1. Amide H of GLU146: which non-local residues (sequence gap of 5 or more, or other chain) have their own amide H closer than 5 Å, using H built in the peptide plane?
2. Placing +1 at every Lys and Arg Cβ and -1 at every Asp and Glu Cβ, with all other atoms neutral, what dipole size does region 389-506 have around its Cα centre, in debye to the nearest 20?
3. Please list, in order along region 177-191, the HN-Hα scalar couplings obtained from phi with the Karplus expression 6.51 cos²θ - 1.76 cosθ + 1.60 (θ = phi - 60°), rounded to whole Hz, x for Gly and Pro.
4. Taking 0.36 nm per intervening residue step and subtracting the Cα-Cα distance, what contour gain separates HIS38 from ASP200 on full extension?
5. Tell me, what HN-Hα J-couplings in whole Hz come from the Karplus equation 6.51 cos²θ - 1.76 cosθ + 1.60 at θ = phi - 60° for each residue of region 441-458, using x for Gly and Pro?
6. Points 7 angstrom from Cα along the Cβ direction at LYS356 and LYS474: gap in nanometres?
7. For helix 339-348, report the angle its Cα long axis makes with the longest principal axis of the Cα atoms of the chain; keep it between 0 and 90° and round to the nearest 10°.
8. Using 1/(1 + (r/R0)^6) with R0 = 35 angstrom and r between the beta carbons of GLU328 and LEU451, what's the FRET efficiency to the nearest 0.05?
Amino acid sequence: MDEEIKKEKIIIFDTTLRDGEQSPGASLTQKAKIEIAHQLKALGVDIIEAGFPVSSRGDFEAVKMVAKEVKGPVICGLARSLKKDIDAANQALSPAKRRRIHVFLATSKIHMKYKLKKAEEEILRQAVWAVKYAKKKCPDVEFSPEDATRTDPLFLYRVIEAVIEAGATTVNIPDTVGYAMPEEFERLISGIVRSVPNIDKTILSVHCHNDLGLAVANSIAAIVKGARQVECTVNGIGERAGNASMEEIVMALATRADLFNIETSVRTKEIMKASRLVSTLTGIPVQPNKAIVGGNAFSHEAGIHQDGILKKRTTYEIMKPSDVGVGESHLVLGKHSGRHAFKDRLKKLGFHLKEKEIDSAFEEFKALADKKKEIFDEDLETIVEGQIAGLRKRCFKLEEVYVESGNKVVPKATIKLKIKGKIITRSSTGDGPVDACYKAIDKMVRLRGKLLDYQLRAVTRGKDALGEVSVKMKAKGKIVTGRGASTDIIEASALAYINALNRLAAK
Ligand code: KIV
Ligand code: ZN
């Protein structure tokens, strides 16, 4: 019997509440931070970096509240390699059962020379001091050599070795400015693993920024070479172009389990909920084409893809939407859609039409799709109901509407109708464009009805929403209603009137 190879665990260090909150424009209230922290716990992340306590009173309190209320994950606070920062982090984290102090200090030449104005030896001493000081207060200490990817590797190795010696339980390698290429980052991680003699005494972590869109690729490359913790954020939010996206890393590892013998403790079904919560509370929308959590991530528009999906989901989908908490794949009905997807959606909406009715409704759907980007279920319902009513007792059919209207002209409408197979055209003026249409129609249809009611409403969403008109008419003692829908409200008005006339004619 094959022995199952034990999977290695990747620690998910979530920094949505710290680096994520550094996204331009995203400031979270204490209450919002706690709400997100609870969802991060539900998601199953291992560590929550709740904030930078020394940065403000509010952040201090927020970290303290998270430390007090959220049980389970390790709660972490960020600190520069300074006494006041470490003290503040330690104090804010004190209510947490499991806590971590994360200290950082820049090690690249450019940061040391221009930002810190310190030489290598001084930086080395300060890093060691900071780790030892933090260690006295908290057994779990993480150290980050900021801007590691632009640091001289030999100096980086020395710093790492020294901070491990000083007690750092995790050493995190940040690609602070998102500068590294995946191969280069792989080499850096391999170099650290090979060259730092005590590297096995710590957990190697990575923290990648997305300035070149490579944060997730670099994080995965580092995992392949031995990193066992990744720092990431929900929706990939963070300083400038953001951090590595938690959901992308987790789903890449899960989806390509054939390549990685690795697992995380994330409950993937909670991903979408976390994404929506973070987006709502930070006010940062998720771009539609964002991997995993974007509105289009499980939407299919092309007819060929929709047909494939309906035949076998995996033809065009590598993940199950339900695995990340998305209801189900969505076939976007629009001008690229084919008959297969259209018919399938009608069935799902509970319409069981004859082939002839489907043909005719499909024609109308395509015509509408040329005018309107996405056809929603409400649009379909309107089309189909109109079709059923029309096909079964249609006597008059609208072929064309032309109106001239404005605030300085008398409204005039020209209507082309098909009546029992014959095309007839008439024009009329009126009090408004709709009145002109109805008068032009009256000239062709010899059913003298009285319009009792006219209502217009938007039945679908968006700027190009479908407008639906309902009319009520009375003729020869009978009252009928008619409905019409179009992105053009004048056309919808004419269709509703004709629909009512057809019903009168049928009676
Ligand atoms: O990007 C960065 O270098 C950081 C450190 C504080 C880890 O956020
Ligand atoms: Zn960062």
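The values are calculated or read from the model by the stated rules, or taken from the named source; none is laboratory data. Model, not experiment: these values are computed from the prediction. For neighbour counting, all protein chains shown are included, and Cβ atoms are generated from backbone atoms with ideal geometry for every residue, glycine included. In case anyone asks, the SASA skips ligands and DNA or RNA and just uses the protein heavy atoms, side chains included. Shrake-Rupley method; radii C 1.70, N 1.55, O 1.52, S 1.80 Å.
1. Residues meeting the amide H criterion: LEU105, ALA106, THR107.
2. Values: 25 positive and 11 negative charges, 155 e Å.
The calculated dipole for region 389-506 is roughly 740 debye.
3. Rounded to whole hertz, the list is 10, x, 9, 6, 9, x, 5, 5, 5, 4, 5, 4, 5, 4, x.
4. 55.1 nm
5. After applying 6.51 cos²θ - 1.76 cosθ + 1.60, I find 5, 4, 5, 9, 9, 8, 9, 7, x, 10, 7, 8, 8, 9, 9, 10, 8, 7 Hz.
6. In this crude spin-label approximation the distance works out to 3.6 nm.
7. 90 degrees
8. Details: r = 44 Å, r/R0 = 1.25.
Computed FRET efficiency for GLU328 and LEU451 comes out at 0.20.
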